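Just below is one structure, and these are the notes that go with it.
The values are calculated or read from the model by the stated rules, or taken from the named source; none is laboratory data. These figures come from a predicted structure and were not determined experimentally. Every residue, glycine among them, receives a Cβ derived from its backbone with ideal geometry; neighbour counts consider all protein chains shown.
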């Protein structure tokens, strides 16, 4: 047996208990929780085969009451002696994508971000926010298959771009590769087609939260996104943290959202405070360049889920929706480099070099933390990714030959 | 044993052999093909358990060479005597969603449609096409979980809309519920993250084609879609035909696409003709109101798949991408009612009544056919759906109470 100890001020103490999926060499992936720097196999701890699975989905599908029961059960089991085969050191395991992603939607829920991007992308518009922005959480569906776990390398995407003065678009590796520091919300149980999830019931459907980096190729995005929204500028990769922090662990992080004016339509009206006081940190090659505050985000996760389903669209276990870039009012709280460097016009100094967008070899690590009980903090794990050079595929090599139409 | 016969001019003759998933009362869904009005259980015919599955995905994942081998094997087995338990009358079975949909992307590939919608949605723009339209196939990700099989009822969606002169948006059932007559393309085998599928290799990845109805709530769409594209105006439902017509059955339907000018970038250049001479038929309460011609669509399925993956986005077995509304140059070939009725200004007569958009109880049936060998035709089955009234959910009932913000 192993006796587990954890420092009282650990961000992965008994007040957190996030869920992830780990493996050791030669063994298939299984569900675990994390206590300090120990990874605890939940199938072995709880003697329940729902955790002897390569994703959290079967457990999530058991629903809200079960999530609470398991969360109450774990602390007493890990504070005594724990079977040796249930415990691994964090450094000895591989962490996997913890969920099988069903549908993925990215929102645009930070007013500071939306206003900054409006000024940069649509400078001729007098109002940087589109007329709908304060009436509904604007969002779009993204590619579920390119959501990857922290540590996955990111190949620089190729695509079409066209500068303002270029006579025709050109093809090649993105020259304006960016990040978006976000939170992702994992749907534990969904709703049938034709039904909807009212805002006051969102809590029973939302399983947990991950750190989310929505890598973005701004040059590809700018050329493609009118009129149907972002596609290839986003679809090549999104990175999530390996640990899903339960919504049930975030009770002490609940804060009101910023004041919503005009008052939203009734289906988006919230009673309890539904904002979250989660603070993110963005490190670029090891140097912190931004601290985006989720508490500044205008639309709450409950509002986003209510909106997504109010038209009767079905939702499923494993759906993920993300907040969109989190930016605060101050420059050093902007969650995307296009904002931080104002479209590239105001470089930041990273490791003594001037940077605007990402260069090959750059590494981004986004972490987050939130208040826990009694002055503690909760950790979120990290969303880490390194940029690899664009690949020379047949399609790319053909770039300098004539097309045949 | 049963001896199968099929009329030489049947649209479901030996030249077609589409794949679907059927069940009989008390038995789980399994893969079948269709010959005339007979449904043939492929696990029983071919003694292969890959067909004793509730979706086509395991078979599709076996790849292009295997698809060809099975297609060559079926005709000799069904022209002799067939085991009784392998054959069912079409009317005796339930047809299911034939694929487990992975990622879903909807394109906007018909020039006539894009130009018509540009004129209707953006009347102030001098060019109805956006500047990118002839350089890349514009598309966006949609909701995979709301793709349903023909025959599924469609509940009228609720959502926000705002007329030009309304001071604020209102919430309620859509008043401009529309269809989009499309073809959907099913990806049989995908590509890894960081890789791409060149246009000349698309053939080896594309398994088959379905008829696709992308139900659209125009009022919800018009209010929400700037700047990130359609979301709730589309996400409530898309209907597909139960039979997937193999790409391998469509050799005689290959035609050149319309001339592409300007010449696309090399990664989108096609050598063999990649258009498809598929003609759709839209029936509204039994009356044919349009015959959209797929051969008029500007971008080919090979170009759409090459574009989707050129940035290194992964693709998977079960990915579906659709053409977008198919409209020809003539009014009676427009594939959406917003075009057919010019935004509601020019009603059509359906069963003696004047109609613009869909009313509760209306039924839409979209079918398609294509040339086969020796003057035959191939049938596509149908995408059928009936509109049910909007549901009164708690969110809707709250509509006339004050919000709490």
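Figures for the structure shown
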{"quantity": "Selection count, the range A:6-31, where residues are under 23 Å from residue A:373 (Cβ atoms) and in contact with a strand residue (DSSP E or B) (Cβ under 9 Å, 6 or more places away or on another chain)", "calculated": "13"}
{"quantity": "Tabulated pairs, the range B:166-178, first more than 10 Å from chain A (Cβ to nearest Cβ), second surrounded by fewer than 14 Cβ atoms within 10 Å (Cβ to Cβ) and part of a strand (DSSP E or B), C-beta under 6 angstrom, 6+ apart or interchain", "calculated": "none"}
{"quantity": "All positions within the range B:325-355 that are closer than 16 Å to residue B:219 by Cα and without any contact (Cβ under 8 Å) to a residue 24 or more places away in the chain", "calculated": "B:341, B:345"}
{"quantity": "Leading residue by the ranking (farthest from the other protein chains (Cβ to nearest Cβ)) among those in the range B:98-119 that are farther than 20 Å from residue A:104 by Cβ and in a loop (DSSP other than H, G, I, E, B)", "calculated": "B:98"}
{"quantity": "Qualifying position, being farther than 24 Å from residue A:198 by Cβ and part of a loop (DSSP other than H, G, I, E, B), among A:317, A:325", "calculated": "A:325"}
{"quantity": "Members of the range B:244-272 found to be closer than 15 Å to residue B:208 by Cβ and in contact with a strand residue (DSSP E or B) (Cβ under 9 Å, 6 or more places away or on another chain), listed by number", "calculated": "B:244, B:245, B:246, B:247, B:248, B:249, B:250, B:253, B:254"}
{"quantity": "Only listed residue being touching a strand residue (DSSP E or B) at 6+ places or on another chain (Cβ under 8 Å) and on the phi < 0 side of the Ramachandran plot, chosen from B:112, B:141", "calculated": "B:141"}
{"quantity": "Hits in the range A:242-289 - residues which are within 18 Å of residue A:379 (Cβ to Cβ) and in contact with a helix residue (DSSP H, G or I) (Cβ under 6 Å, 6 or more places away or on another chain)", "calculated": "A:248, A:252, A:276, A:277, A:278"}
{"quantity": "Subset of the range A:195-234 (residues that are outside any helix (DSSP H, G or I) and farther than 23 Å from residue B:225 by Cβ)", "calculated": "A:195, A:198, A:205, A:206, A:207, A:208, A:209, A:210, A:211, A:212, A:213, A:215"}
{"quantity": "Output for the range B:150-171, where each listed residue is under 17 Å from the mean Cα position of the chain (by Cα) and surrounded by 21 or more Cβ atoms within 10 Å (Cβ to Cβ)", "calculated": "B:150, B:154"}
{"quantity": "Some residue of the range A:243-265 being buried (at least 18 other Cβ atoms within 10 Å of the Cβ), more than 13 Å from chain B (Cβ to nearest Cβ) and part of a loop (DSSP other than H, G, I, E, B)", "calculated": "yes"}
{"quantity": "The range A:125-138: number of residues that are more than 8 Å from chain B (Cβ to nearest Cβ) and touching a strand residue (DSSP E or B) at 6+ places or on another chain (Cβ under 6 Å)", "calculated": "1"}
{"quantity": "Selection count where residues are within 24 Å of residue B:362 (Cβ to Cβ) and at pLDDT below 95, scope the range B:255-302", "calculated": "0"}
{"quantity": "Residue within the range B:147-154 that is more than 29 Å from residue B:285 (Cβ to Cβ) and either at pLDDT 95 or above or not in a strand (DSSP E or B) (or both) present", "calculated": "no"}
{"quantity": "Residues satisfying the stated conditions in the range A:73-93, i.e. assigned to a helix (DSSP H, G or I) and more than 21 Å from residue A:210 (Cα to Cα)", "calculated": "A:73, A:75, A:76, A:77, A:78, A:79, A:84, A:85, A:86, A:92"}
{"quantity": "Number of the condition not met by residue B:83 [criteria: (1) closer than 28 Å to residue B:171 by Cα; (2) at pLDDT below 95; (3) touching a helix residue (DSSP H, G or I) at 6+ places or on another chain (Cβ under 7 Å)]", "calculated": "(1)"}
{"quantity": "From B:382, B:346, residue being surrounded by fewer than 24 Cβ atoms within 10 Å (Cβ to Cβ) and not in a loop (DSSP other than H, G, I, E, B)", "calculated": "B:382"}
{"quantity": "Selection count where residues are surrounded by fewer than 23 Cβ atoms within 10 Å (Cβ to Cβ) and assigned to a loop (DSSP other than H, G, I, E, B), scope the range A:172-189", "calculated": "3"}
{"quantity": "Failed item, numbered, when residue B:141 is tested on (1) outside any strand (DSSP E or B); (2) at the interface with chain A (Cβ under 9 Å from one of its Cβ atoms)", "calculated": "(1)"}
{"quantity": "Given (1) within 8 Å of chain B (Cβ to nearest Cβ); (2) touching a residue at least 40 places away in the same chain (Cβ under 8 Å); (3) surrounded by fewer than 17 Cβ atoms within 10 Å (Cβ to Cβ), number of the condition residue A:122 does not satisfy", "calculated": "(2)"}
{"quantity": "Some residue of the range B:278-292 being within 22 Å of residue B:117 (Cβ to Cβ), crowded, with 22+ Cβ neighbours inside 10 Å, within 14 Å of chain A (Cβ to nearest Cβ) and touching a residue at least 12 places away in the same chain (Cβ under 8 Å)", "calculated": "no"}
{"quantity": "Sole exception among (1) more than 14 Å from chain A (Cβ to nearest Cβ); (2) touching a strand residue (DSSP E or B) at 6+ places or on another chain (Cβ under 8 Å) for residue B:325, by number", "calculated": "(1)"}
{"quantity": "Residue check, residue A:219 more than 7 Å from chain B (Cβ to nearest Cβ), modelled with pLDDT of 95 or more and closer than 21 Å to residue A:291 by Cβ", "calculated": "no"}
{"quantity": "Residues of the range A:295-353 that turn out to be out of contact with any helix residue (DSSP H, G or I) (no Cβ under 6 Å at 6 or more places or on another chain) and either within 30 Å of residue B:235 (Cβ to Cβ) or not assigned by TED's automatic domain parsing to the domain that holds residue A:283 (or both), as a count", "calculated": "19"}
{"quantity": "Test: residue B:383 is in contact (Cβ under 8 Å) with a residue 12 or more places away in the chain, within 26 Å of residue A:228 (Cβ to Cβ) and away from every other protein chain (no Cβ under 14 Å)", "calculated": "yes"}
{"quantity": "Of all residues making up the range A:179-216, the number that are in contact (Cβ under 8 Å) with a residue 40 or more places away in the chain, facing another protein chain (nearest Cβ under 9 Å), out of contact with any strand residue (DSSP E or B) (no Cβ under 6 Å at 6 or more places or on another chain) and over 23 Å from residue A:326 (Cβ atoms)", "calculated": "5"}
{"quantity": "Within the range A:32-53, tally of residues that are in a loop (DSSP other than H, G, I, E, B), in contact with a strand residue (DSSP E or B) (Cβ under 8 Å, 6 or more places away or on another chain) and within 21 Å of residue A:378 (Cβ to Cβ)", "calculated": "1"}
